[in-house]
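Written out below as structure tokens is the structure these notes cover.
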Amino acid sequence: WDQQNIRPKDVINVLLVWQALTTPVEDLSAFLHLETPNGELVAQHDGVPANWTRPSTGWLSAEFISDLHSITVPDGVPAGTYQLYVGLADRASGVRLPVVDDEGQSYDNRALIGLLTVIP
């Protein structure tokens, strides 16, 4: 996305770039979630990467996969600060994959990629 201030009905476009160290065994779905600070889901987009054209089971080691996700901020969303998260989940079980940074630090099963402010 290219801005921090958004309004109800705005579309947030986020380009994710995935790189697998090895070909995943699981059929994965990527998700983008917009949430209130207390964790209430406001908007989301889930789907097989690259608009359903690049299933993870076909990814090659070290290959980069570009994956555009768009979510619309619902009409009537109150002004305030919202959190934008991204992650991957196994499509069959729904189990989310863990998030680990370059230094091996483990976080949650999703990554916070930014804070957005909804303005009137």
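The values are calculated or read from the model by the stated rules, or taken from the named source; none is laboratory data. On a predicted model such as this, the values are computed, not experimentally measured, just so you know. Note that we place each Cβ from the backbone using ideal geometry, even for glycine, and neighbour counts take in every protein chain shown. With ligands, DNA and RNA removed, areas are computed over all heavy atoms of the protein, side chains included. Shrake-Rupley method; radii C 1.70, N 1.55, O 1.52, S 1.80 Å.
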Worksheet item: Of the numbered conditions (1) modelled with pLDDT of 95 or more; (2) on the phi > 0 side of the Ramachandran plot, SER56 satisfies every one except a single condition; which is it?
Response: (2)
Worksheet entry | Boolean, PRO78 is open to solvent by 60 Å² or more (accessible area, probe 1.4 Å) and touching a residue at least 40 places away in the same chain (Cβ under 8 Å) | yes
Worksheet item: Within the stretch 93-120, which residues are among the hydrophobic types (A, V, I, L, M, F, W, C), surrounded by fewer than 18 Cβ atoms within 10 Å (Cβ to Cβ) and over 18 Å from the mean Cα position of the chain (by Cα)?
Response: ILE119
Worksheet item: Does LEU68 satisfy the criteria of being open to solvent by less than 50 Å² (accessible area, probe 1.4 Å) and either modelled with pLDDT of 95 or more or within 23 Å of GLY114 (Cα to Cα) (or both)?
Response: no
Discussion item. Could you go through the stretch 45-55 and let me know if any residue there is out of contact with any helix residue (DSSP H, G or I) (no Cβ under 8 Å at 6 or more places or on another chain), touching a residue at least 60 places away in the same chain (Cβ under 8 Å) and under 21 Å from ASP108 (Cα atoms).
Written reply: no
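Yes/no per residue for (1) surrounded by 15 or more Cβ atoms within 10 Å (Cβ to Cβ); (2) aliphatic (A, V, I, L, M); (3) modelled with pLDDT under 95:
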position: TRP1; (1), (2), (3): yes, no, yes
position: ILE6; (1), (2), (3): yes, yes, yes
position: ILE12; (1), (2), (3): yes, yes, yes
position: THR23; (1), (2), (3): no, no, yes
position: LEU28; (1), (2), (3): yes, yes, no
position: GLU35; (1), (2), (3): yes, no, no
position: GLU40; (1), (2), (3): no, no, no
position: ASP46; (1), (2), (3): no, no, no
Item to complete: Report the residue count in the stretch 8-31 for those that are in contact with a strand residue (DSSP E or B) (Cβ under 7 Å, 6 or more places away or on another chain), within 18 Å of VAL99 (Cβ to Cβ) and in a loop (DSSP other than H, G, I, E, B).
Response: 1
